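Every number in this text was worked out from the coordinates using simple rules, so none of it is lab data. None of these values were measured; they are calculated from a predicted model. Here Cβ is always computed from backbone atoms with ideal geometry, including for glycine, and neighbour counts include all displayed protein chains.
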Amino acid sequence: METMTRGKLITFEGIDGCGKSTQMRLLERYLAERGFTVVPTREPGGTVLGKKIRSALLDGGEGSVEPLAELLLYAADRAHHVRRVIMPALNEGKVVLSDRFYDATTVYQGYARGFDLTLVNQLNELATGGLKPDLTLLFDLDVETGLKRTLKRGAGTGAEAAQPDRLDQEPMTFHEQVRAAYLEIAAREPQRFRVIPAAGSVEETFELVIKEIQNLLN
Ligand SMILES: Nc1ncnc2c1ncn2[C@@H]1O[C@H](COP(=O)(O)OP(=O)(O)O)[C@@H](O)[C@H]1O
Ligand SMILES: [Mg+2]
């Protein structure tokens, strides 16, 4: 029997340093305070297996990971994550917040690395079983500010601090491509995406987030 309440899946996307993790933590607290059961998660690394895949992606042991292996590892992480974490939580009526989801593969592996977009879409479809976010927040920020923020993050404390993202080391043109690709896919699905300008303060950006999620949770 269909459950009466299906939860909601909200995904956080954007270039490194745009504020995804920061805004997700704030939204998690905001929703929990309002009585929602919130499941914060991430890709890659939202499961025990996913954490192993994440560490393999960051350091495969032979220098950079082959782009095709990378594409398939993201798909494997997602296949497990969707079935073991996201779907069960949605079926229990929970609000799932995911720090990146399949749009990141479309953008990084498809647009930026150049894998055929039809293939990437098929892999995404296979990995997700057709699951789509109810809402995708795209934090849009210029690449330079994003990179500055990630360098600052490296100086801080906490789980992400010690390990700046490997992708930070890509050239500026790569990040520019990623930003442009995100905006392009957002424009194609305006009902799912909300583009949030992310150059303001943490508080200013969070106010924009709150505005965008109101309708969804009413
Ligand atoms: N609006 C903001 N203004 C200034 N610094 C920010 C802002 N949002 C996040 N930061 C800081 O920038 C760094 C990157 O933010 P983070 O949320 O980790 O980005 P992402 O998860 O998208 O890579 C962190 O050190 C964070 O504290
Ligand atoms: Mg992050």
Alpha carbon centroid spacing (whole Å) that separates segment 85-159 from segment 2-75: 7 Å
Quick one: putting +1 on the C-beta of Lys and Arg, -1 on the C-beta of Asp and Glu, what dipole do you get for segment 8-217 around its Cα centre, in Debye to the nearest 20? 660 debye
Mean-square fluctuation maximum in Gaussian network of the chain, Cα pairs under 10 Å, restricted to VAL48, VAL95, VAL82, hits VAL48
Relative contact order %, segment 8-217, counting alpha carbon pairs below 8 Å whose residues are six or more apart: 31 percent
Most mobile of ARG194, ARG54, ARG84 per a Gaussian network model of the chain (Cα springs, under 10 Å)? ARG84
With springs connecting C-alpha atoms under 10 Å apart, model the chain as a Gaussian network and identify which of THR11, THR145, THR106 has the largest mean-square fluctuation. THR145
